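The values are calculated or read from the model by the stated rules, or taken from the named source; none is laboratory data. What you are looking at is a predicted structure, and each value in this text was computed from that prediction instead of being measured. Glycine also receives a Cβ, built like all others from the backbone with ideal geometry; neighbour counts cover every protein chain displayed. The accessibility values were calculated without ligands, DNA or RNA, using every heavy atom of the protein model including side chains. Shrake-Rupley method; radii C 1.70, N 1.55, O 1.52, S 1.80 Å.
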Amino acid sequence: MTPATSLGDPAGKKTAKLFEGARQERRLGLLLCAPAAIVMLAVTAYPIAYAIHLSLQRYDLRFPQQAHWVGLSNYVAVLSSPFWWQALWVTVLITLVSVAIELVLGMALALVMHRAVFGRGTVRTAVLIPYGIVTVVAAYSWQYAWTPGVGYLAALLPQGSAPLTDQWQAIGLIILAEVWKTTPFMALLLLAGLALVPEETVRAAMVDGATFWQRLRLVVLPLMKPAILVALLFRTLDAFRVFDDIYVLTGGSNGTGSVSILGYDNLFTALNLGIGSAISVLTFLCVAVIAFVFIKVFGAAAPGGEPERR
Amino acid sequence: MAEIVLDGITKRYPDGALAVKDFNLTIADGEFVILVGPSGCGKSTTLNMIAGLEDITEGTLSIGGQIVNDRAPKDRDIAMVFQSYALYPHMTVRANMGFALRLAKVDKATIAAKVEEAARILDLTQHLDRRPANLSGGQRQRVAMGRAIVRDPKAFLMDEPLSNLDAKLRVQMRTQIAALQRRLGTTTVYVTHDQVEAMTLGDRVVVMRSGIVQQVGSPQHLYDAPVNLFVAGFIGSPGMNFLAATLEQNTVRTSLGDLPLDDCKRRALERANAPREVIMGIRPEDFEDAALVDDHGAGPVCTVTVDVRESVGSDVYVHFTESEGPAHSADLAEIAADSGLADTGAQEHRVVARLNTATRATEGAHLDLWINTPRIHVFDPRNGTNLTRRPDQSMN
Amino acid sequence: MSSRTRTLTSWGVANLIVVLYALFPVWWIVALSFKDPSTLGDGDFIPREWTWENYRGIFQTSEFTRALVNSIGISAIATTIAVVLGTMAAYAVARLRFPGKRPLIGVSLLIAMFPPISLVSPLFNIERLLGLFDTWTGLIIPYTTFSLPLAIYTLSAFFREIAWDLEKAARVDGATPWQAFRLVIAPLAAPGVFTTGILVFIFCWNDFLFAISLTSTTSARTVPAAIAFFTGSSQFQQPTGSIAAAAVVITIPIVIFVLLFQRRIVAGLTAGAVKG
């Protein structure tokens, strides 16, 4: 460590010289963050830029030599294509409906878990299995359940119906699969927010004469607002990216494809890097808008930015 | 030699906020100095600067004759006891106390010996192999002290170490700390917001407010000869009573009556060019039930109506309301805000008097109060200065 | 019924409902996996005949075992790297002062919100050009990148819980910031690190989009992708049985994980969410 140096400056009018301790701290902080930062930036920043670059070209992987610059025409093609709008519409629908259901069911589940008198361990395990299970596995389970002839759920429906082949029914089933998988996770997030509501405040409301619903509406939910907003933010962003369930359940056929499925199809089935990249970039912009709305308009706290406690 | 010298120490934060301004103090080797003041007065910041946990904006700090402004905490040979104790939860008491020595690469045998010795002094020997989580508050506090003692440093720095203990334990530990410091003879700087701790523990007390040192002196000196309103109101519990007053020829006219001034005071007031409107300060013990005072204690007597009577066994405190309304001053407003008095919405100005338990005062009844006039203080309401402080009282 | 019995019963019922909810798709897959291929089409919830044939079938070719090895290896390596890098970064973010902290947090949040499809297209091309396509490294890199925000987020919440005065005490005792981290803070964060590791592992194990986009053969294809490409025991048969058997095989480890560590997992998920 550096020895004391200020013998030539005894009355010490210090300039902005960094104190040794603070300097060490700063150095360590930067060092510790560097590897993670480098990895994250390298693997995302460059590919993003590259994706934008690709989206401005006409690049068919079957004829790579013919790749050439076309400016925004890919975007024009995508935005004027009914496929894009249908995919967007399907995505928005799935997002809104599944998140809404997850919020309500998750809240109910959280309230139950909060008050659970016994069997906490069982409930917790049961709740975590949907979270832990590989999404495609669950999706296959649903697919087989609904396939006529094979599945027990299909057997419950009127003879001859194949719900996975009908657009609206299939979308409904996709939503069901999504909701089944993520409601437990939502419940956990909400449970954590619920635990922050001071017990005494709720009791005071009880003494003041509030019924269960009044307490919920007027005391508990307002106090949970930050937690709810954060949970909503993450779930909405997640839901917008829906892919696994749709891929397995319907493959995106019959008008059930989301924007991610559309992008995948164009990239890997049609091998059209230009259009596929354009779709990817547009999807990213949609996600950015959603996040912006949540943070600026609804005031969801962007996590991790709180000031130091010293 | 472990003398600590703070010369013009100032702490300014990047946003311009001034936490400590021009702090000057020489702490002799082996002295026990207390920094006391309301929250936010800069006492903890000063302590952190001595420790090296905060950098010093201006001024020099010397420990043991060497300037240490730029040295990291570990190079200053000081030990610190934190308010929260900051014991390492995953280490045993033994490991906690030996940690610093381990970092300094002292050999195992020496570490073991020093830890055993410190544990013996603090009566922790049977707890050496336990974890902090399994100890009581008082035991944890002792481990924190043990961690400091083991290093045999030039100085101990203690940041409100007793605040987290309950009242009775606090009193016990206070005497233990005092005895320990006397036995080890290590220079100690101790921060607290509790003026009782300040009065009982320190060789010298430094009263701070808003980053500026108000007064430095022995506890008794601060009590008898406060340099301004703030110190007068801060030291002593229950605090000094302040009343609005006007100065006439030889008297101080207050709502409790006209109080004659002795020569010393009169001269001091003349010298200080005292204004007409002043604030009079009088401590609760400078009142007495007139019925209990014999004639030798001749002095003015006033009649008041007792609002509240409190008996603590050894004394009786009576609270009454002064008719003219409270004394006004920015300093008093701050003291009221600090003590929470401002929030209680108490409108009337309450005066507290301490009486002998033989008193017959009862709530709601009239009471004749004798006032010990020579003991009053007169303050300038514009800047809070104690105008009647005798020159020979101004030594540190 | 007394009020107490009534409460207990209703909790019992509620618990049962939750358990059923969580488990019936799982049971269905298990049931399917044990069904004789000829009975697959019967739509029965509980198989009439039980057989191990599906399981035997998937292990007959090296396709599935290879995929299992890939999954385990890739997930383990990605988890290790993400946890190591994440722990260091999370500690710095949670407890040290240095410039550039806000941008770092902002960036990692951005990445967490990223639609993977946006990255798949350029990564596909880049990896093709670099020769990383269809390799372990080709998957480890995006997995690590995408789990870093999760790791940092969860770990910094754990780090923030540790008492603040400990670093000060360590510094006064003579530790450098690095020693303070290594000897005092890191041991206390061990449970948090472990939990984060579990969460990240589940994340990697679960991934599907990158797996199908960035691999094409068994050399790097992980299990979720392999399942989607199953062809069944013969080209005339539906691969349903095999898929179900494979699904069960890859779900078992996760279920065991969850059973063993459910308290930790919940603590991890909620710590990150609540403390933000």
query = Using +1 on the beta carbon of Lys and Arg, -1 on that of Asp and Glu, and nothing else charged, what's the dipole of the range B:137-206 about the Cα centre, debye to 20?
reply = 300 debye
ask   = P(r) of the range B:48-95 in 5 Å steps, Cα pairs, percent per bin?
value = 5, 18, 25, 18, 14, 11, 7, 3, 0
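Compare the peptides A:286-293, A:45-52 by average per-residue count of other Cβ atoms within 10 angstrom and give them in order, highest first.
My ranking of the peptides, most packed first, is A:45-52, A:286-293.
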query = Rounded to the nearest 100 Å², what is the sum over both chains of accessible area buried where C meets B, with a probe of 1.4 Å?
reply = 1700 Å²
request  = Shielding by partners for A:185-192, please: the mean number of other protein chain Cβ atoms within 10 Å of each residue's Cβ.
outcome  = 4
request  = Just read off the accessible area of residue C:36 with the full protein assembly in place, 1.4 Å probe, to the nearest 10 Å².
outcome  = 40 Å²
ask   = For peptide A:227-238, how many partner chain Cβ atoms fall within 10 Å of a residue's Cβ, on average?
value = 2
ask   = If you line up the long axis of helix C:101-113 against the longest principal axis of chain C, both from Cα atoms, how many degrees apart are they, to the nearest 10?
value = 10 degrees
request  = Treating cross-link reach as a plain straight distance, find the aspartates and glutamates whose alpha-carbon is under 18 Å from the alpha-carbon of residue B:114, omitting any fewer than eight places away in the same chain.
outcome  = B:77, B:123, B:129, B:152, C:173
task = Give the relative contact order (percent, whole number) for the range B:66-160; include only Cα pairs under 8 Å separated by 6+ residues.
result = 50 percent
note = Result for interface chain A to chain C, accessible surface buried in total, 1.4 Å probe, Å² to 100, stands at 9100 Å²
note = The pairs in A:296/C:168; B:11/B:168; B:43/B:105; A:225/C:101; B:105/C:168 lying past 25 Å Cα-Cα in this model are A:296/C:168; B:11/B:168; B:43/B:105; A:225/C:101
task = Enter the angle in degrees (range 0 to 90, nearest 10) between the Cα long axis of helix C:240-275 and the first principal axis of the Cα atoms of chain C, meaning the one along which they spread out most.
result = 20 degrees
ask   = With every protein chain present, what accessible area does residue B:363 have (1.4 Å probe, heavy atoms only), rounded to the nearest 10 Å²?
value = 110 Å²
key: the range A:47-146 - convex hull of alpha carbons, volume per residue in Å³   = 197 Å³
note = Partner shielding of C:10-20, as the mean number of partner chain Cβ atoms within 10 Å, equals 5
inquiry  = Treating chain B as a set of equal point scatterers at the Cα positions, no solvent, please give the Debye-formula log₁₀ I(q)/I(0) at q = 0.11 Å⁻¹.
reply    = -0.88
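For C:104, B:124, A:31, give the ranking by accessible area with the largest first, probe 1.4 Å.
Descending accessible area places them as A:31, C:104, B:124.
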ask   = Just the Cα atoms of the range B:181-236: what Rg and Dmax do they give in Å?
value = 11.5, 36
Cβ crowding within 10 Å averaged over residues, with A:134-141, B:302-309 ranked highest first = A:134-141, B:302-309
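Rank B:75, C:207 by accessible area, highest first, at a 1.4 Å probe radius? Can you show the working numbers first?
Working: B:75 55, C:207 30 Å².
Listed by decreasing accessible area, they come as B:75, C:207.
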remark   = Connecting every pair of Cα atoms under 10 Å apart in chain B and solving the GNM, the largest mean-square fluctuation among B:225, B:113, B:19 falls on B:113
query = For the range C:133-201, taking Cα atoms only, what is the radius of gyration to one decimal and the Dmax to the nearest whole Å?
reply = 15.7, 52
request  = For the protein assembly as shown, just the Cα atoms, rotate onto the principal axes and tell me the three extents in Å, largest first.
outcome  = 122, 74, 63
ask   = How high is the relative contact order of the range A:163-309, in percent, with contacts defined as C-alpha pairs under 8 Å that are six or more residues apart?
value = 24 percent
query = How high is the relative contact order of chain B, in percent, counting Cα pairs under 8 Å that sit 6 or more residues apart?
reply = 16 percent
